[in-house]
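Here's the structure, in structure tokens; my notes come after.
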Amino acid sequence: MECDEIRRQLGAYVDNELGEAERADLRRHVAGCPECGPEAAALEMLRDEIRRSAPVYRAPAALRSQIRSALRREAGDTPTMARAPGWLAYAASLLIAVAVGSGGTWLISGERQQDAIADEVIDSHLRSLLAGHLTDVASTDKHTVKPWFAGRTDLSPPGVDLAAQGFPLIGGRLDLIEGKPVPALVYRAGKHVINVFVLPAQPGDHPETVTRRGYTLHHWAKGDLGYWAVSDTSAEEFTKFENAFLAATGG
């Protein structure tokens with residue numbers, strides 16, 4: 001068999017999509033060909049690495065539809081795949097397949113991660129209220145709260161006091177989000193509690209407001225820090241708090 005013909009079938013070969021007779025012919029060629037052999041081995045390594053590292057999610061129907069439409073437009077307008085080298089074309093098609101079949105890992109992993117963090121943050125907020133463990137360090141003094149986190153976490157929260165705006169700082173604590181210790185700043189909003197969790201900012205972070213189980217979460221990022229504020233205070237009060245916090249931290 002000619003190498004050009006073999007390269008066109010390598011994708012199907014490494015994915016075990018060929019009949020046994022065709023596969024046997026390709027196996028013999030690949031085993032003795034100094035060009036096709038390494039190319040097939042590289043594709044198998046790429047396939048295995050993607051399978052090991054890609055989280056298993058199912059993409060939303062809307063995303064799958066958008067990707068299929070984009071592929072149809074690409075196939076009709078610019079047949080890039082047909083001109084690409086065999087291994088490169090296969091790698092691109094494999095990445096697209098992973099994006100569709102495992103939840104759009106490269107397209108929506110940031111969205112998935114942000115959504116998962118939001119769930120953890122709300123759970124942590126509820127635990128702090130139910131367990132009566134609002135603070136590890138109880139103080140209205142930001143010069144006491146902020147230094148307390150030093151050596152306990154790699155993150156340095158701003159620890160601003162917003163008492164003048166009606167949201168006094170009452171302390172801070174360490175919490176666990178994604179299995180890592182993170183600072184939580186605790187504020188009062190009348191009879192309500194506002195927890196502000198401070199995490200590393202992530203690529204693709206975007207501001208959002210979500211409401212779940214009767215609690216509202218506001219998320220925003222500034223520099224290399226991501227802020228997740230959660231409370232059951234009114235929407236108007238929560239917006240005032242967020243604006244005050246942003247103003248105090250130069251956001």
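The values are calculated or read from the model by the stated rules, or taken from the named source; none is laboratory data. Model, not experiment: these values are computed from the prediction. All Cβ positions, even for glycine, are placed from backbone atoms using ideal geometry, and neighbour counts span all protein chains on display. For the accessible areas, the whole protein counts, side chains as well, though only heavy atoms, and no ligand, DNA or RNA atoms are used. Shrake-Rupley method; radii C 1.70, N 1.55, O 1.52, S 1.80 Å.
Conditions (1) at pLDDT below 90; (2) among the hydroxyl-bearing types (Ser, Thr, Tyr), marked per residue:
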| site | (1), (2) |
| --- | --- |
| Ser139 | no, yes |
| Arg173 | no, no |
| Ile177 | yes, no |
| Val182 | no, no |
| Gly190 | no, no |
| Thr209 | yes, yes |
| Arg213 | yes, no |
| Ser234 | no, yes |
| Glu242 | no, no |
Heads up, the strands (runs of 3 or more DSSP E) in the range 114-206 (entirely inside) with at least 1 residues that are buried (at least 17 other Cβ atoms within 10 Å of the Cβ), touching a Ser or Thr at 6+ places or on another chain (Cβ under 8 Å) and small (Gly, Ala, Ser) are 169-177, 180-189
With criteria (1) open to solvent by less than 60 Å² (accessible area, probe 1.4 Å); (2) within 19 Å of Glu242 (Cβ to Cβ); (3) of a type outside the set (D, E, K, R), Thr211 comes up short on (1)
Taking the range 230-251 and keeping residues of a type in the set (Val, Ile, Thr) and not in a helix (DSSP H, G or I) leaves Val230, Thr233, Thr249
In the set Ala229, Ala248, the lone residue that is out of contact with any strand residue (DSSP E or B) (no Cβ under 6 Å at 6 or more places or on another chain) and either of a type in the set (A, V, I, L, M) or farther than 12 Å from Val121 by Cα (or both) is Ala248
Scanning the range 216-229 for residues that are over 14 Å from Pro183 (Cα atoms) and in a strand (DSSP E or B), the one most open to solvent (accessible area, probe 1.4 Å) turns out to be Lys222
